[in-house]
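What follows is a short report on a single structure.
The values are calculated or read from the model by the stated rules, or taken from the named source; none is laboratory data. Everything numeric here is computed off the predicted structure, so don't read it as measured data. Positions of Cβ are backbone-derived with ideal geometry, glycine not excepted, and every protein chain shown enters the neighbour counts.
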Amino acid sequence: MSTETATAIQQKSEPLFSKKNQRLVSDPLNDNNPITVQVLGICSALAVTSQVVNAGIMALCVIFVTAFANLTISMLRNYIPNRIRMIVQLVVIATLVTLVSEVLKAAAYDVSKQLSVFVGLIITNCIIMGRLEAFAMANKPWPSFLDGIGNGIGYGIILIGVAFFRELFGAGSLMGIDFASQWPLFTNGIMVLPIASIFLIGIFIWIQRSFNPKLVDIS
Amino acid sequence: MSLNTNSNSYITIFLLSMVIVVAFLLSFVATGLQPIISKNEEVDKKKKILKSVVFVEESREKEVFTQDFVIDEYNNKIKELVVNYQGDPIEGKTAFELDVKKEFRKPLDERQMPVFVYNDDGGKKYYIVPLIGMGLWDEISGYIALEDDMSTIKGAAFDHKGETPGLGAEISKTKFSERFIGEEIFGEDGEYQFQVLKGTGNLKAEQSTYYIDGLSGATLTIDGVNNMMNEILTDYTTFFDKVKSSS
């Protein structure tokens, strides 16, 4: 699966939403999903998926960080000394994450308290650094920005999907609205624990592979 | 491009300028947002104090505890008090601004302990005491409001810094804190007796007013809640006795 290296863009005047650019956003949603195909960013997928609202806001934060980290690194790519490129990437990511967390504290104090440490932990999310290394260092700013958005969304939909099942069967509620917590089936202890997400992600991968022939390894 | 991006001098200059740009950007944003953030924090603290004494269903919390309501209600109905370990008031200190964490680390005789007195519309007084302790991962805190017999719980509200969402973090939910209402802290002999039990569905919790159900999957956080309540409420007993004997 090396679609991203092949998409380096040569033409001078390409429409902003050309086929190629559209694929940068749509690819990570299915064929090249960062969680279910590349199996990156699993750590936060296990941790913040106990409630749909938290997962959604976490996803938004990650989309913002991947998109703008990709954009910044891509704009600087010709000036970044190769020997310290990882340090530069980390500084960019850490700066963006600090910005996100400060803005959250000012604009949505309650949410930032609920997400607590996990906003800071976006810094260690392997998807972001993976995209910077694999894509932004070799592509122009606009495609990099789209790639960041695509990967952020690809991460986000899995996160919300896992959170949907965990909140529904673990707490008997959805989006914080309690409607089924009186039935034991919907207050399953294991769904509350992070272990549940590893099973759920496993099942997601299984379902995705059985429907998407591109993902089946023929060799 | 003829720029040699791998020379040592280039790398040094690049790093230096990057650090300066990033430092400037971050401090610019941090100082710009600081007034909003500290205002948020102040309202949040007042809200937590009020939440312990004004019971509101979780679903209605957002519409009831608006910023204006919190500030209004707090300024009109809450009287702040700072006492020492013998229960005597200390003048010239504001309870709201005391750093509770620091105070409870000091030896007992140097300690300044905040108390918030809530006067409700019917002329009844409730005494609110701050709680602070360790959960599983990080600090947990809360406020507990007592009726004027200084043992019956009027209400409680908890908060946490880094407990796991869905597990330990559930202590900040109304679903958990409403179980405290009407329970009793001190036994007939005046000793601390109250306890949050392990898990849910405990027979003991139904039968006795000293015990309530805990949370499944959050036993270590609940242990923290128990320790925190035991330690801090015991330290306040002299003050509680003085209130009881004066009323």
**OP:** Quick one: in region B:16-34, of everything that is among the hydrophobic types (A, V, I, L, M, F, W, C) and more than 7 Å from chain A (Cβ to nearest Cβ), which residue is farthest from residue A:100 (Cα to Cα)?
**Re:** B:16
**OP:** From the list B:156, B:169, pick out the single residue that is away from chain A (no Cβ under 14 Å), in contact with a strand residue (DSSP E or B) (Cβ under 7 Å, 6 or more places away or on another chain) and not in a loop (DSSP other than H, G, I, E, B).
**Re:** B:156
**OP:** Name every residue in region B:88-115 that is at pLDDT 85 or above and touching a Leu at 6+ places or on another chain (Cβ under 7 Å), in order of residue number.
**Re:** B:89, B:112, B:114, B:115
Subject >> Residue list for region B:39-85, filter: buried (at least 20 other Cβ atoms within 10 Å of the Cβ), within 14 Å of chain A (Cβ to nearest Cβ) and under 16 Å from residue B:130 (Cα atoms) >> reply: B:46, B:47, B:48, B:51
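Filter region A:33-47 down to residues that are under 12 Å from the mean Cα position of the chain (by Cα) and within 11 Å of chain B (Cβ to nearest Cβ), then give me how many there are. Reasoning before the result, please.
First, pick out the residues of region A:33-47 that are under 12 Å from the mean Cα position of the chain (by Cα): A:33-36, A:38-45.
Restricting the remaining residues to those that are within 11 Å of chain B (Cβ to nearest Cβ) gives none.
So the count comes out to 0.
Given the structure, is residue A:31 in contact (Cβ under 8 Å) with a residue 40 or more places away in the chain, over 27 Å from residue A:187 (Cβ atoms), in a loop (DSSP other than H, G, I, E, B) and acidic (Asp, Glu)? Steps first, answer last, please.
On the way: in contact (Cβ under 8 Å) with a residue 40 or more places away in the chain: yes; over 27 Å from residue A:187 (Cβ atoms): yes; in a loop (DSSP other than H, G, I, E, B): yes; acidic (Asp, Glu): yes.
For residue A:31, the condition - in contact (Cβ under 8 Å) with a residue 40 or more places away in the chain, over 27 Å from residue A:187 (Cβ atoms), in a loop (DSSP other than H, G, I, E, B) and acidic (Asp, Glu) - is met.
Output yes when any residue across region A:172-187 is surrounded by 21 or more Cβ atoms within 10 Å (Cβ to Cβ), part of a helix (DSSP H, G or I) and modelled with pLDDT under 90, and no when none is. Even if it seems obvious, please write down each step before you answer.
To start, the set of residues in region A:172-187 that are surrounded by 21 or more Cβ atoms within 10 Å (Cβ to Cβ) comprises none.
Within region A:172-187, none of the residues are surrounded by 21 or more Cβ atoms within 10 Å (Cβ to Cβ), part of a helix (DSSP H, G or I) and modelled with pLDDT under 90.
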Original post:
Based on what the data block shows, is residue A:79 under 23 Å from residue B:24 (Cα atoms) and either at pLDDT 90 or above or aromatic (Phe, Trp, Tyr) (or both)?
Top reply: yes
Subject >> Residue ID - nearest to the other protein chains (Cβ to nearest Cβ), chosen from residues in region A:82-140 that are surrounded by fewer than 17 Cβ atoms within 10 Å (Cβ to Cβ) and part of a loop (DSSP other than H, G, I, E, B) >> reply: A:108
Subject >> Search result, residues across region B:174-216 that are touching a helix residue (DSSP H, G or I) at 6+ places or on another chain (Cβ under 9 Å), more than 29 Å from residue B:65 (Cα to Cα) and among the small types (Gly, Ala, Ser) >> reply: B:190, B:199, B:205
